[in-house]
Amino acid sequence: MLRTYLIIFSFLFLLPNAHAQVIKAEKSNNYKAVISNYDSNHISVEGSFIVSATAPEDGRVIMDKDEATGSFFLRLNKGIGDNSKPFTIFIRDSNKNSYTLLVSPANVPGNNIILQPIVNNTKEMVAGKSLRRNEVINFIMEHMILNKPIKRCRSDSSRKLIKLWKGTKFYQVRKYQCGRYIGRVFSLTNISSKPIRIVEQEFYKMGTVAVSISKEGLEAPKLLQVQAKETADVFVIEEVSHGN
C-alpha cells in the first residue's frame, strides 16, 4: 500500500532546453506558473519530495511522478479539452507544506518549475536539530511509508504483537536499523465495535524523533479516527543515542 508523504534529498534534473521558474514560497500558498502547452514540464520542491500532486481529472492533464527525485513531469493531452485554459494543481511535499499552483499553458518550450520554500533556520536548530539531521530522519520516514528498502539499513519484517489499548490489535510489522536511528512500522486494528481516535503524540516516548499516522484514503493527519474493524498504519523513528 503506497502512501505518499515525507521528505528530503531532492535532486533537480532539468529538462533539456527547459526554462527554470523559481517560485519563492514565502507569503502564501497560492502561486502562478507558466507551462508549455505542447512539451513536457518538470515540477519540483527544493529540499523536499513532492508526495502528492492533484490536477483536474478531465483527461486534459497528464502527470507522471519521478520516484527517484520526488518530482513530477507534467504535460497536456493533445486533443482533449481547451489547452489554453489555466488550471490549478494542489501540491503537498514531504515536509508537510501545501502549495496551490495556478498553471497557465502557453506556446513556450517545456518549463522547469521549482518551488522554493523559505527555510526557518531558527526553527530547524531547536533542541539541536540541525537541517542535516532532519533530512536523514525525513528520508528514513519516507522510505518506511512507501515500503521501500533503505540502503545501508538492516531490516526485519517479522510480525510482533505488542500490547497497546483495549479493543485494539497492535503489531510491529517492520523494523529498520539505520545507524543511530531505529524505524518501526506498526499496524493498528480497531477490533472494538466503536470508532477510536489516535493522535501522533500518543506514540512519542523518550528518544522518539518522528511519528506519522495514516490509513487508506487519509494521509498523514495529526489526528486519526479509526472505525470498527479498520486498520491504520503508525510509523515511528527513535534515536539510539537516547537509550532505545
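Just so it is clear, none of the values below were taken in a lab; they were calculated from the coordinates. Because the structure is a prediction, the values reported are computed rather than measured. FYI the Cβ positions are ideal-geometry reconstructions off the backbone, even for glycines, and counts take in every protein chain you see.
The gain in end-to-end length when the E46 to L164 segment is fully stretched comes to 38.6 nm, 0.36 nm per residue minus the alpha carbon separation. With K and R counted +1 and D and E -1, the other residues having a Cβ less than 12 Å from that of V103 yield a net charge of +4. The local environment of F203, defined by Cβ-Cβ distances under 11 Å, has a net charge of -1 under the rule Lys, Arg +1 and Asp, Glu -1.
With the convex hull drawn over the C-alpha atoms of region 37-114, the volume per residue is 81 Å³.
Residues whose amide H lies under 5 Å from that of E230, counting only those 5 or more places away or on a different chain, are N190; hydrogens are built 1.01 Å from N in the peptide plane. Across region 47-61, computed HN-Hα scalar couplings (Karplus, 6.51 cos²θ - 1.76 cosθ + 1.60, θ = phi - 60°) run x, 7, 9, 7, 9, 8, 9, 10, 10, x, 9, 9, x, 7, 10 Hz from first to last residue, x flagging Gly and Pro. With 24 Å as the limit, the listed pairs K65/K160; K65/K215; K96/K215; K194/K215; K24/K151 have K65/K160; K24/K151 beyond it between alpha carbons.
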